[in-house]
Each structure stands twice: as structure tokens, then as C-alpha cells.
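Student: Just dropping this structure here.
The values are calculated or read from the model by the stated rules, or taken from the named source; none is laboratory data. Just so we're clear, the structure is a prediction, and the values are computed from it rather than from any experiment. A quick note on method: Cβ atoms are made from the backbone with ideal geometry, for glycine too, and the neighbour counts reach across all protein chains shown. In case anyone asks, the SASA skips ligands and DNA or RNA and just uses the protein heavy atoms, side chains included. Shrake-Rupley method; radii C 1.70, N 1.55, O 1.52, S 1.80 Å.
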Amino acid sequence: MSDTIDKPYRSKVTQTEIDQQPPDHAMPAKRETESVVVVEPPKGLSAKWLALLSGIACMLGFSLFEAVSFIEANFAASPIVTSVLAVILGVFVVSITTLTLGEVRGYRKVTKFIHRRPKLSDLADNDSRQATLQALKLHADQFASHSYARQCYKRFTGLLKADHNSAEIVAMYRQFVAEPVKVKASEVVKKESMASGSMAFISPNHLIQSLVIVWISMRTIKRVARVYGLRPATAGNWKLMKILAQNLAAQSIFDLATDEMTNQLSGSLAAKLMENSAEAVAAGALNVRLGKTLMRLLEEEK
Amino acid sequence: MRKLLNSVMNPVRRASDAGSAQFAQWFMQSTHRFTITGLSRSGKSMLFTSLMTILKYRSEQHYQCLPLLRYLPMDLVDKLWIEPLGDLPEFPVESHLSALENGQWPPATESVAGFQLIVRLRQTNQLKKYLLPFTDVVFEFIDYPGEWLTDLPMLDKTYTQWSDSAWAQQMNEPQSQFAKPWHSAVNDFDFEQPPTPDNIQLLVKAYRDYLLAAKAEGISMLQPGSFLIPGSGFDWLEYGFTPLPSRISSDQSSPWTQRFTHHYGVFQKQWLAGLKQNTFRETDKQIILIDLFEGLNHSKSHLYQLRETLSNLSQTFVYGNPGWMQRHLLKQRKIAKVAFVATKSDLLPASEHHNLLALLKDVTRGATAQLSDNEVQFEHFLVSAIQATDAGSNAQALRYVNPQGRYIEATFEPLPDSLKAMPADEHYPALPAGVPKDHLARMLNGNGLDRLLQYLLEE
Ligand SMILES: Nc1nc2c(ncn2[C@@H]2O[C@H](COP(=O)(O)OP(=O)(O)O)[C@@H](O)[C@H]2O)c(=O)[nH]1
Ligand SMILES: [Mg+2]
């Protein structure tokens with residue numbers, strides 16, 4: 001480049017020496033070759049929780065009932081002591097209700113997640129890249145810290161450059177966050193539906209089968225939601241509950257039908273096998289339906 | 001680094017060489033013939049070097065470079081390698097890289113070089129999704145001195161036409177400042193003397209001195225630029241010529257006009273015709289690199305002069321436009337595309353990039369006006385082959401290491417978004433940023449190449 005020293009022109013660039021070392025540039029991020037594992041709690045925890053919670057509920061119920069009858073019975077004899085007990089009991093009940101309501105609020109988060117989800121096609125047309133980035137960030141802030149969605153988002157932010165415009169940012173968001181998350185979620189749904197199918201296949205009676213399907217369905221919801229970065233226990237949503245109930249109903253109707261068929265065929269082993277495999281296919285298919293519905297809910301609207 | 005390069009540079013035999021029909025190749029390979037052209041010092045060699053390095057690291061080590069390049073998704077690239085391109089000498093990527101390693105910019109290009117880069121795609125089901133019916137994408141690159149490019153329009157002119165237009169151009173600002181010694185040499189010259197080799201040498205030397213001085217001062221319209229490059233295959237000592245004042249050039253009976261007309265014809269036949277045929281071959285994707293910082297560094301009139309040069313060159317940009325044969329018979333319905341690229345965008349803070357882009361559009365206005373008549377698509381881009389600068393303390397500032405090794409913060413006043421808006425008495429000194437030590441990471445972090453390639457590759 002030519003010298004710039006003695007020009008008759010005024011310089012529009014002011015230069016000052018600074019007393020710092022230039023920063024070293026990092027190499028760009030590498031694409032992960034191994035698939036990212038979705039973080040899951042240790043196995044059995046949920047069952048333990050269920051046992052624990054129902055145990056606690058029983059204890060609470062029984063003791064609550066006992067306590068109330070106790071207070072009622074003894075109020076006449078010692079009014080002060082029973083009043084104090086009643087107040088303590090009241091405080092306890094109120095606080096436990098607040099805790100429970102907290103969980104319920106968690107259920108409503110899915111709706112909020114969906115509500116806050118930015119419409120990507122609109123963002124792409126936004127003139128301000130800052131606004132686009134802000135909207136995506138607001139959405140991504142809801143991703144749980146170890147979720148797959150969060151990892152994808154982190155990788156995406158590493159690729160951003162100062163002169164990317166909104167359309168490019170959105171295209172990259174689709175390519176590096178939305179699309180991989182969707183692929184991952186599909187994998188989860190497929191795996192869970194296989195599980196659902198095989199459980200239906202091996203389950204000996206309808207009660208167990210139904211319970212198992214409820215369990216797998218809940219698990220599907222939980223795992224899919226987690227891929228999308230929703231925190232555990234926030235995956236509740238009315239629409240999903242309805243689908244879940246429908247699935248159970250569909251499964252029982254299916255059971256009836258297959259029962260009828262097996263009656264006709266008389267209770268041979270082959271018939272039992274056929275019944276179970278038909279139910280397995282149905283259970284798997286219904287679970288896919290559940291998973292896909294959740295994915296549709298969590299993805300951008302088309 | 002070195003080992004990696006050796007592995008790229010070792011040509012792998014292409015399946016087609018093993019005798020399989022040319023026919024199969026049409027279906028198996030998607031050839032994208034890229035020609036990267038640009039005036040001298042516009043950043044061609046650096047861009048090639050960077051592009052090869054980036055594609056290599058992206059495909060072999062899965063560095064997430066070029067995120068906007070959706071056409072060649074990382075998952076689908078199996079491998080890539082370099083092959084020689086026809087009879088052209090190999091592009092000296094290795095020596096360019098070792099220059100960078102030693103903290104030096106690649107040396108100025110003094111001859112033509114070329115290579116092809118072949119990207120083999122993986123055969124997966126996913127491939128079908130992208131509807132790529134072929135396995136290889138072939139890029140052809142040719143690098144040559146920018147001075148040759150500016151000579152090509154001389155092919156379509158007679159000596160007198162060229163002489164008159166060259167003479168007129170020298171009368172304009174800013175060239176006229178540097179042309180004074182040359183003009184007085186011509187005025188003092190006695191054209192009644194016969195055009196002996198010695199006399200011709202005298203004139204050619206004076207003219208060449210002017211060209212060299214003008215080049216050093218950032219002038220791009222330098223004809224014949226081939227006289228300035230030692231590697232050019234034209235003997236300007238034997239067949240030299242210069243423009244002459246029209247009182248002489250219009251006099252067909254003047255022995256000087258006759259002699260120079262003859263030499264000009266030799267120049268066209270022996271040098272330019274072959275150059276156009278061998279170097280500026282048919283191509284459907286043209287990248288035209290433009291260094292706006294050179295003009296901004298000097299003055300407003302330099303930018304006008306650049307616009308004029310590009311306008312004169314625009315016909316050469318469509319030489320490559322694939323003919324009817326290729327488009328219709330071979331069913332390669334590719335649209336010819338031209339990308340105007342302002343290089344070295346890292347020398348300006350990101351907050352001023354939109355102004356640089358606007359300025360680029362204005363500077364190429366004359367050229368694009370002619371392209372629109374030729375069914376050629378065009379678009380404008382900003383690119384940096386290497387991110388040699390760092391962010392500054394505010395949005396209008398950036399930092400760089402100067403040749404003395406000092407770390408400097410430069411604060412920019414807003415750039416004009418058109419030539420008209422550029423003040424006549426102000427300039428933007430070009431920052432003499434050195435090659436950073438972490439040049440590899442900074443090449444991979446370069447800016448805008450993905451956007452450019454995506455535009456050129458998508459159908
Ligand atoms: N900061 C910066 N400087 C560049 C870049 N590309 C080229 N340069 C500078 O421009 C000069 C000319 O580049 P080169 O590639 O040799 O241009 P060519 O004559 O068109 O081949 C180099 O020596 C560098 O100083 C870039 O991306 N960033
Ligand atoms: Mg070069």
C-alpha cells in the first residue's frame with residue numbers, strides 16, 4: 001500500500017498507539033462428530049419419586065384427617081393448645097398448596113414457551129439485526145442449561161459475525177438450531193415409540209399395559225421437551241394431556257377389537273401373539289402421534 | 001500445516017482419467033468455473049490462498065467455517081483435493097502460506113497460475129435431498145497479474161483509437177499530475193526524426209516511467225499494463241509503443257504512427273489474443289475483486305478513475321459468458337453470474353460496512369449498467385480473506401498491528417456512501433495492517449466468503 005504521509009488532504013481516520021497486546025484469535029468451533037447425549041436423570045429416579053410422593057401423600061392425607069378429627073375431638077377440653085395446633089396445621093396446608101401450585105405453574109410454561117417463540121419468517125425480514133438477535137436470545141434464554149437446544153444455540157452464536165443480516169441470522173438459526181433439534185427430537189420419538197410398542201407387546205394384561213403406556217407417554221413428553229430445552233416438569237400442556245387421554249382411549253378400543261378377534265380365533269398361542277403384536281403396532285403409532293404433536297407445538301409455526 | 005498441505009497438493013487421480021467416457025463426467029461432475037479477476041493488488045492471491053485453506057480445514061477437520069454456504073454442507077463433503085489446471089503453472093499456495101507464516105503478505109503476482117479444486121461429495125441418502133445428481137463439484141481458479149486484465153480492451157481498438165483515448169485519459173485528474181514529465185518529454189520530442197529503435201526506446205521509457213509513477217500513486221487505468229510485468233510474454237523492448245498526441249496519431253502518413261500501428265498489431269496478435277484465449281476462458285462465474293481502500297486512501301478523483309477503469313473493463317467480464325452451445329446443447333442452464341467484491345473489509349469497522357457496500361455499488365455503476373444488457377446476473381459483496389484487525393474500543397474503531405509492530409487503534413469518521421458524497425479535500429488513509437501471528441485462525445475467521453460462494457453456486 002502506498003505511503004499516506006504527506007497528503008494535502010485531511011485524514012478522516014485518527015490513529016493512536018495503544019498499550020495492549022493484540023488478542024489471539026481462536027479457531028472456529030468444530031462440528032461435533034459424536035451425537036450429543038440428552039442429559040437424563042439416573043434411571044429409577046422417577047419411580048422412586050412416584051413412590052415417595054404417593055407415600056408422602058398417603059401420610060399427609062391420613063395425618064391431616066387424623067389431625068382434624070383430633071382437633072375437633074379435643075377442642076372442648078383444651079381450646080388453647082388445639083387452637084395453636086390448628087394454626088400450625090393451617091400454615092402447613094397453605095404452604096404445601098403453594099408448592100403444588102408452583103408445579104402447576106410449571107405446566108403452564110409450555111404455553112408460554114410456545115407463546116414467546118419468535119416467528120422466524122418475520123424475524124428474517126426485520127431490518128434490525130440487533131432486534132433479531134435479541135428475539136432469538138429471549139427465546140433461547142428459556143432453554144435449560146444442559147439441553148441439546150442450548151448446545152445448538154451456543155454453537156450458533158459462535159458462528160455469528162458482525163455483518164450478518166437478519167435473513168442470514170435466521171437462516172443460520174434454522175440450520176444450526178431448529179433443524180438439528182428437530183432431527184434429535186424425531187430420534188427420541190422413534191426410540192420411545194419402539195419402547196412403547198415392545199412394552200405393549202410383552203405386557204400380560206390391560207391394566208399394566210395402560211399404565212406402561214401412560215408412563216412411556218409421559219417419558220416421551222419429558223424427553224422430547226428436554227431436547228427442545230424445556231426444563232423438566234414444565235412439559236405440561238392441555239393439548240398434550242388430551243392427546244394422551246385419546247391415545248389411552250384408542251388403545252382400549254383397540255384392545256376390545258383385538259379381544260373380539262382372539263375370541264373368534266379361540267385362545268390359541270398364535271392368536272395371543274397376534275393380538276399383542278397388533279397392540280404393539282398401535283401403541284407405537286399412537287406414541288409417535290403424541291411425540292409429533294409435541295414437536296409441532298414446540299417448533300415454529302409454518 | 002505443512003503435512004496437511006502436501007496431502008492437498010498431491011493430486012489424486014480422477015476416475016475420469018482412467019478412461020471412463022467424457023459423457024459420464026458431465027453427469028457425475030458439476031463444474032463451476034470460477035475466475036477471480038481484479039486489478040493489481042486487489043487481493044486475488046490472498047483470497048485464493050485463504051479459500052483453499054478454509055475449504056481444506058472445513059472438510060477435513062470439521063471446523064465450522066463458512067456457515068452461510070448451504071450449497072456444500074459440511075456433512076456431505078467427503079474430501080477435496082487440488083489438481084493442475086490444463087497447462088497453467090501451479091498456483092504457489094505453499095509459498096504463499098510460508099510467506100504468511102513468516103509474517104509477510106504473499107508476493108505480487110507476476111505471471112499466470114491456476115488450479116482446480118475438486119470437492120467430492122459423500123454418497124448418502126441425504127444427498128438425494130439436496131438433489132445433487134453428481135458426486136464432484138469442480139472449481140477452477142486462475143490467478144494472473146491485474147495489469148493484464150486492463151490490457152484486454154485494447155484488443156478491440158485500432159492503434160489510433162487506443163492512442164487517442166489513452167491520451168485523453170492522461171489529461172484527467174488525478175493522472176495528469178503524474179503525467180507531466182511524460183507530456184513534456186513528448187512536447188520536446190522531434191517527431192521529424194525517423195522511428196529508429198533508439199528513438200522508440202526513448203519514448204517508451206518515458207511512457208513506462210509515467211505508468212510506474214501512476215501505479216505507485218494508485219492509478220488503475222494503466223495501458224499497456226503488460227509493459228510493467230517482467231513475466232509478461234511480450235517483448236516491449238523490441239515492439240514498444242506509446243500513445244501519441246492526436247496531431248501525430250491522426251496523421252496516417254507519419255512514420256511514427258505507422259510504426260506504432262505495426263507494433264500495436266504485434267502486441268494484439270502475439271500477446272493479447274493468446275492471453276484472452278488461454279487465461280480468460282469461458283466461465284460462468286466471475287468474481288471481480290475491487291480494492292476501494294486504495295481509492296479512499298488517495299482521493300475522490302482516484303475513485304472516479306477506478307469507476308472509469310471498471311467501466312472500460314466490463315466487456316471483459318462477460319467474455320466468459322458461456323455460449324449458446326454450452327447452455328442449450330449440454331443442458332447446463334446456468335445463469336452467468338458476476339460478483340463484485342470489495343476486498344479487505346477487515347480494514348474497516350463493521351459499523352461502516354454498509355457504507356462500503358453502497359460505495360462499491362456506486363463505483364461499479366458503469367460496469368453493471370453494461371452487464372444488465374447482457375443477461376448477466378450480478379451482486380455486490382464485501383469479503384476479507386483474513387481478519388487482520390481486531391474490534392476497537394467503540395463501534396467506529398478497530399485495531400491493527402502496523403509494520404513497526406505497534407498496536408494501533410484507528411477511529412473512522414463515517415464513510416461516504418457514494419462518490420458524490422466523498423469530500424474532495426479529505427481521505428481515508430489505508431491501514432498498513434501486517435500479517436498477524438495467528439494467521440491461520442484469522443483466515444478461517446475471514447468474512448463474507450460463504451455468502452459469496454453460496455450466491456455463485458446456487459442455481
Ligand atoms: N487486511 C487485509 N489485507 C489484505 C487482504 N487481502 C489482501 N490484503 C492486502 O492486499 C495486498 C495485495 O493482495 P494480493 O492478494 O497480493 O493482491 P493481488 O495482486 O490481487 O493478487 C496484500 O499484500 C495484503 O497487504 C485481507 O483480506 N485483509
Ligand atoms: Mg496476486
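Student: Would you kindly derive the ³J(HN,Hα) couplings of the range B:168-178 from the backbone phi angles with the Karplus curve 6.51 cos²θ - 1.76 cosθ + 1.60 (θ = phi - 60°), listing them in order in whole Hz, with x for Gly and Pro?
Tutor: Running phi through 6.51 cos²θ - 1.76 cosθ + 1.60 with θ = phi - 60° gives 4, 5, 5, 7, 7, 5, x, 4, 4, 4, 8 Hz.
Student: A follow-up question, please. Here are some pairs, B:Lys269/B:Lys300; A:Lys137/B:Lys344; A:Lys30/A:Lys182; B:Lys205/B:Lys420; which of them have Cα atoms lying more than 25 Å apart in this structure?
Tutor: Beyond 25 Å between Cα atoms: B:Lys269/B:Lys300; A:Lys137/B:Lys344; B:Lys205/B:Lys420.
Student: Another one. Hey, what does the equivalent ellipsoid look like for the range B:157-277, semi-axes from the Cα gyration tensor as sqrt of 5 times each eigenvalue, largest first, whole Å?
Tutor: Listed largest to smallest, the semi-axes of the range B:157-277 are 19, 19, 14 Å.
Student: What is the percent carbon and sulfur in the accessible area of the range B:176-249, measuring with a 1.4 Å probe over the protein chains and ignoring ligands?
Tutor: Of the solvent-accessible surface of the range B:176-249, carbon and sulfur hold 54 percent.
Student: 5 Å is the cut-off here: which amide hydrogens, built 1.01 Å from N in the peptide plane, fall below it relative to B:Phe34, excluding neighbours closer than 5 in sequence?
Tutor: For B:Phe34, the qualifying residues are B:Glu140.
Student: Now for a different question. Could you list, bin by bin from short to long, the percent of Cα-Cα pairs of the range B:169-234 in 10 Å steps?
Tutor: Bin by bin from 0 Å, the calculated values are 20, 48, 28, 3.
Student: Here's a follow-up. I'd like to compare B:236-248, A:72-84, B:288-300: which one has the highest average count of other Cβ atoms within 10 Å, and what's the full order after that?
Tutor: Descending mean neighbour count gives B:288-300, B:236-248, A:72-84.
Student: Another question, if that's okay. Averaged per residue, what accessible surface does the range B:157-277 expose to a 1.4 Å probe, in Å²?
Tutor: Values: 5480 Å² over 121 residues.
Roughly 45 Å² per residue, with all protein chains present.
Student: For B:Met154, what accessible surface area do you get with a 1.4 Å probe? Give it in Å², rounded to 10.
Tutor: The accessible area of B:Met154 comes to roughly 0 Å².
Student: Explain nothing, just compute: Karplus ³J(HN,Hα) = 6.51 cos²θ - 1.76 cosθ + 1.60, θ = phi - 60°, for every residue of the range B:38-47 in order, whole Hz, x for Gly and Pro.
Tutor: The phi angles translate into x, 5, 4, 6, 7, x, 5, 4, 5, 5 Hz.
Student: Ignoring everything but the protein chains, give the 1.4 Å probe accessible area of B:Trp167 in square angstrom, nearest 10.
Tutor: 40
Student: Compute the separation of the alpha-carbon centres of the range B:232-311 and the range B:368-392 and state it in Å as a whole number.
Tutor: Result: 24 Å between the Cα centres.
Student: Sticking with this structure for a sec: Can you give the relative contact order of the range B:157-277 as a percent, counting alpha carbon pairs under 8 Å and 6+ residues apart? Let's see the in-between values first.
Tutor: Details: 98 pairs, mean separation 41.5, N = 121.
The value is 34 percent.
Student: Please compute the Kirkwood hydrodynamic radius over the range B:43-174, one decimal place, Å, based on all pairs of different Cα atoms. If you can, show how the numbers build up before the last one.
Tutor: Values: mean 1/r = 0.0559 Å⁻¹.
After inverting the pairwise mean of 1/r, the radius is 17.9 Å.
Student: Buried accessible area between B and A (1.4 Å probe, both chains summed, ligands and nucleic acids excluded), in Å² to the nearest 100?
Tutor: 4500
Student: Give the long-range amide H neighbours of B:Ile290: residues separated by 5 or more places, or on another chain, with amide H under 5 Å away, using H modelled in the peptide plane at 1.01 Å from N.
Tutor: The list, which skips near neighbours in sequence, is B:Val341, B:Ala342, B:Thr343.
Student: For the range B:443-458, what does the Karplus curve 6.51 cos²θ - 1.76 cosθ + 1.60, with θ = phi - 60°, yield as ³J(HN,Hα) per residue in whole Hz, taken in order and with x for Gly and Pro?
Tutor: Calculated HN-Hα couplings, in order: 6, 5, 8, x, 10, x, 5, 5, 4, 5, 5, 4, 4, 6, 8, 5 Hz.
Student: While we're on this one: From largest accessible area down, sort B:Leu440, B:Leu55; use a 1.4 Å probe on the protein chains.
Tutor: B:Leu440, B:Leu55
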